[in-house]
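Accompanying notes for the structure given below.
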Amino acid sequence: DGGITQSPKYLFRKEGQNVTLSCEQNLNHDAMYWYRQDPGQGLRLIYYSQIVNDFQKGDIAEGYSVSREKKESFPLTVTSAQKNPTAFYLCASTLSQATNEKLFFGSGTQLSVL
Amino acid sequence: SQKIEQNSEALNIQEGKTATLTCNYTNYSPAYLQWYRQDPGRGPVFLLLIRENEKEKRKERLKVTFDTTLKQSLFHITASQPADSATYLCALHTGGFKTIFGAGTRLFVKA
């Protein structure tokens, strides 16, 4: 089955530590996105990538970094500079940015601070 | 400022009734609007898309309306079932890459 796989499902971060969230898709989609979801708030865009080796900052990119070395993969690193990282992180993809009508989401990663 | 508002209070209805969820927005001119379903601890799943020149869209027991004058979308689930219990997210596409999400409304359908 085609889809988006996020791992791990749960992740704990110690103070001063960088952690990386994995996102893999086998939908052959060009565009990929990272969103952050906090209780009572809408999804907020962290980073997005239209094509391999290219990515842009979203609304809340500070304290995060990404890479897009392969079409299938778009990992997100939460750095120690992100002071409030506890949230539910969602990876998504669309066929292309020009046709981003329907977002396909992964099952999410819950990140908590120890 | 630009805002999307969905009822923050949960909606409780009896099985078999019609659930109606509201999405209001200000200071946007969306090309289209989408509704997603999200279960606890899971990612959102796309349900319906309605464009600015469409008044109504249906899919099985789901119906969406879009009033660009009122800046409002209504999402209806007819003959609701306990399995419809979830959080429903409204999302606007304003052009380019940007999709803006509301915080969602939690729906509980009692048997």
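Quick notes on this structure:
- Mean Cα-pair separation over length for region A:1-98, i.e. relative contact order, pairs under 8 Å, 6 or more apart, %: 33 percent
- Model label sites at A:THR77 and B:ALA111, defined 7 Å from Cα along the beta-carbon direction, differ in position by 5.0 nm.
- Sequentially through region A:103-113, phi angles give Karplus couplings (6.51, -1.76, 1.60; θ = phi - 60°) of 8, 9, 10, x, 8, x, 10, 8, 9, 10, 9 Hz, Gly and Pro residues having no value and appearing as x.
- Subtracting the Cα-Cα distance of A:TYR10 and A:ASP54 from 0.36 nm times their residue separation leaves 13.1 nm of extension gain.
- Computed magnitude of the charge dipole of the protein assembly as shown (debye, nearest 20; Cβ of K, R +1, Cβ of D, E -1): 240 debye
- Stokes-Einstein D for region A:9-114, Kirkwood Rh over Cα pairs, 20 °C, 1.002 mPa s (µm²/s): 155 µm²/s
- Charge dipole magnitude, Cβ of K and R +1, D and E -1 - chain B, Cα centre, debye nearest 20: 120 debye
- Each Lys and Arg contributes +1 and each Asp and Glu -1, all at the Cβ; summed about the Cα centre of chain A, the dipole is approximately 280 debye.
- Local electrostatic count at A:ASN84 - Lys and Arg +1, Asp and Glu -1, tallied over other residues with Cβ under 14 Å: +1
- Of B:THR69, B:LEU49, B:ILE13, farthest towards positive along the dipole that unit charges on Lys, Arg, Asp, Glu beta carbons give region B:8-82: B:LEU49
- Förster radius 30 Å - calculated FRET efficiency between A:LEU114 and A:GLU69 (Cβ-Cβ, nearest 0.05): 0.50
- Gained length - B:THR26 relative to B:LEU74, 0.36 nm times residue gap less alpha-carbon distance: 15.8 nm
- Fraction of alpha-carbon pairs over 22 Å apart in chain B - percent: 27 percent
Rule-based calculations on the coordinates, nothing more; no lab input. As the structure is a prediction and not an experimental result, all values here were calculated from the model. All Cβ positions, even for glycine, are placed from backbone atoms using ideal geometry, and neighbour counts span all protein chains on display.
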